[in-house]
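Structure first, then comments.
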């Protein structure tokens, strides 16, 4: 199944409820939480995410680009987020944190920056519901897709399939109607798209286009 999760990093923050309405046909809303420490940018905190949760008609896919997620991530699950993803590079105990998120009731995701080798996590895939392969350096929207991250994605797809796991493989960064084809062919099934959706005249039509493009080029193991 193909999932399109628009990133509200590209939305009009002053008119957030209206912006959420423009993407009502999406699968989830991708919410980027940045602390100006793990990444050089500052966005939302728990209060804002809680308010988005209250007004969003579709579930939240929270991506934590923060230090010390072991301490802070459970709070976002407690707010009601459908999915909470933390960075492997920032977590002291990824497995314990993922189990805690699941206990609270959220899907647990782990994110890998472009330079992070996935090998240390291939044997732990059962502990996660989602692996996010960053296709740009985290911190800012509007960056260009890095195709050199695709071998990592293919290795993850191979490992997930070999063990018959139901783990979503998500990509985030520079996703357009062209690059979504590359990512889908490499094994992604969940796609974060910010600028390409929110800057479109008709976001719903763009979401449909992205979904169709990904489905047409789905990894052979996903068909």
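Odds and ends about this structure:
- Of the residues contained in the range 113-120, none is found to be surrounded by fewer than 18 Cβ atoms within 10 Å (Cβ to Cβ) and touching a residue at least 40 places away in the same chain (Cβ under 8 Å).
- Cβ-Cβ distances below 8 Å connect the following pairs, each with a first residue in the range 127-146 that is at positive phi and surrounded by fewer than 22 Cβ atoms within 10 Å (Cβ to Cβ), a second residue that is at pLDDT 95 or above and not in a loop (DSSP other than H, G, I, E, B), and a separation of six or more residues or different chains: 139/34; 139/65.
- Residues located in the range 72-98, provided they are assigned to a helix (DSSP H, G or I) and under 17 Å from residue 45 (Cβ atoms): 72, 73, 74, 75, 76, 77, 78
- Residue 94 meets all of the listed conditions (1) at pLDDT 95 or above; (2) in contact with a strand residue (DSSP E or B) (Cβ under 8 Å, 6 or more places away or on another chain); (3) surrounded by fewer than 16 Cβ atoms within 10 Å (Cβ to Cβ) but one, namely (3).
Yes/no matrix, rows are residues, columns are (1) in contact (Cβ under 8 Å) with a residue 40 or more places away in the chain; (2) crowded, with 16+ Cβ neighbours inside 10 Å; (3) closer than 25 Å to residue 31 by Cβ; (4) touching a helix residue (DSSP H, G or I) at 6+ places or on another chain (Cβ under 8 Å):
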{"position": "125", "(1), (2), (3), (4)": "yes, yes, yes, yes"}
{"position": "161", "(1), (2), (3), (4)": "yes, no, no, yes"}
{"position": "185", "(1), (2), (3), (4)": "no, yes, no, no"}
{"position": "197", "(1), (2), (3), (4)": "yes, yes, yes, yes"}
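- Counting only residues that are in a helix (DSSP H, G or I), at pLDDT 95 or above and within 26 Å of residue 70 (Cα to Cα), the range 9-46 holds 1 of them.
- Just one residue in the set 107, 99 is surrounded by fewer than 17 Cβ atoms within 10 Å (Cβ to Cβ) and within 24 Å of residue 59 (Cα to Cα); that residue is 99.
The values are calculated or read from the model by the stated rules, or taken from the named source; none is laboratory data. All values reported here derive from a predicted model rather than from experimental measurement. Ideal geometry is used to build each Cβ from the backbone, glycine not excepted, and the neighbour counts take in all protein chains shown.
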